[in-house]
Amino acid sequence: MPNHPKITFIGAGSVVFTKNLLGDILSFPELQGCTISLHDISAERLETAEAMARWTANALGAKPRIEAHLDRRAALDGADYAVNMVQIGGHKATLLDFDIPRRYGLRQTIADSHGVGGIFRALRTIPVLRGIAHDMEQVCPHALMLNYSNPMSMLCWAWFASSSVPIVGLCHSVQGTTEQISEYAGVPYDEVTYLGAGINHVAWILRFEHQGRDAYPLLRQAIAEGRVPAEDSVRAELCQRLGYFVTESSEHNAEYSAHFIPHAGEVERLHIPLDEYVRRSEENLGEFAAVRAQLQRGEPFKIERSAEYASQIIYAMETGQPCVIYGNVRNDGLITNLPDGCCVELPCLVDRNGVQPTRMGDLPPQLAGMSRQHVAVQELTVRAALEGRREHVYHAAMLDPLCAASMPLERIWAMVDELIAAHGEALPEGIHDA
């Protein structure tokens, strides 16, 4: 029986990601009659997203209803699902998040999820996210928000704390990591089972098995023999020291810890790509222009099913055919040695009843300790945004491991002041005008 949900894409001008998600959704015959509602604040990007949506539907032989709205509330009206992928401030804000800390001696790699870059991206994004939540409370209160925007944990935590609309945060780090470590261990990915939990980007593969047998010895042997690629050296070292493999890339985890970037010779030894996201952001600008030109020329694109969870969630909720995904959800006693109310990432069952998280109990204490460092920063950032407490921005930066290892308190305060002044009115009231 066909299903006709309305799915709203917020920030649809991320056209390649939009194409991938649409390709996933419309590859299910049961969902090919859905309504796709696109929203972006840029008319040019919205026009390009609509053209991409129509091309994708036609290529898959699907006949969805496709709408495009510059007005966000109109795009959300009557939605069953919303997919959020906004990046507030774009490339210009990204440069500020790198350039200002660099002058104070803080070197970063990605700066979008944790650390000072994550703090300020959260502060720019939370006011917009609260506006989206308010719109949904008015025009689609029972819709499910599927959040892809970073910093994942802070954005979801702010949503939990300020809205009754259901949300799950989605990332591809668990899928990507388990495929990578299967390759390192020399076992076929389709013969592997695993279990992971923690917080987004600092979650851990707690169980890794091949055909029912523990595959961690094979992974540890690969690490010991130097068969893990040089660009994944940070995670290999963390696994050796902590006993478990972390679920986001080495370039991310290099800046999540005090143990790597600040110390002489470690950047070179561990192949840490400083300022990596600046390069990616510049490439994204060029990619949009190239995709727009390709659409205008009528040239085809490749459509392949991605590893993203959004389509699986929608399909399971619409058809009742269950699936298991890794979601970022509120910690209501799910991980018992992380604080209640924070955002945790763990396996969730999805069916017509929605997204149902799995209770995991305690993490190994060393892993919980690594995660709690970041949970403290996340809580202070969320409180700063929701309560307009500028002092908590300083406190959040002060407690970040990399920031604390890179400069004394006086310089942290000065750096935060300069970042606040640079981002200005993009930040919540009470912070930029304090």
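Just so it is clear, none of the values below were taken in a lab; they were calculated from the coordinates. Keep in mind that what you see is a predicted model, and the values were worked out from it rather than measured. Using ideal geometry, Cβ is built from the backbone for each residue, glycine included, and neighbour counts are taken over all protein chains shown.
Structure values in brief
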read-out	value
Among the candidates Val192, Val228, Val246, Val234, residue that is under 30 Å from Asp332 (Cβ atoms) and crowded, with 19+ Cβ neighbours inside 10 Å	Val246
Any hit, the stretch 58-70, residues being surrounded by fewer than 16 Cβ atoms within 10 Å (Cβ to Cβ), closer than 18 Å to Asn147 by Cβ and free of Cβ contacts under 8 Å to residues at least 60 places away in the same chain	no
Selection count where residues are crowded, with 22+ Cβ neighbours inside 10 Å and hydroxyl-bearing (Ser, Thr, Tyr), scope the stretch 15-51	3
Selected residue (criterion: nearest to Gly430 (Cα to Cα)) from residues of the stretch 115-142 that are basic (Lys, Arg) and surrounded by fewer than 24 Cβ atoms within 10 Å (Cβ to Cβ)	Arg124
Filtered residues of the stretch 53-111 (kept if polar (S, T, N, Q) and closer than 20 Å to Arg124 by Cα)	Asn84, Gln87, Thr94, Gln108, Thr109
Scope the stretch 351-376; condition small (Gly, Ala, Ser), surrounded by 13 or more Cβ atoms within 10 Å (Cβ to Cβ) and not in a helix (DSSP H, G or I); matching residues	Gly354
Residue in the stretch 205-222 that is β-branched (Val, Ile, Thr), touching an Asp or Glu at 6+ places or on another chain (Cβ under 9 Å) and surrounded by 20 or more Cβ atoms within 10 Å (Cβ to Cβ) present	no
All positions within the stretch 99-114 that are buried (at least 24 other Cβ atoms within 10 Å of the Cβ) and over 17 Å from the mean Cα position of the chain (by Cα)	Pro101, Leu106, Gln108
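Okay, residues lined up against (1) among the aliphatic types (A, V, I, L, M); (2) assigned to a strand (DSSP E or B); (3) exposed (fewer than 14 other Cβ atoms within 10 Å of the Cβ); (4) in contact with a Pro (Cβ under 8 Å, 6 or more places away or on another chain):
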site	(1), (2), (3), (4)
Ile314	yes, no, no, yes
Glu318	no, no, no, yes
Ile325	yes, yes, no, yes
Leu338	yes, no, no, no
Glu345	no, yes, no, no
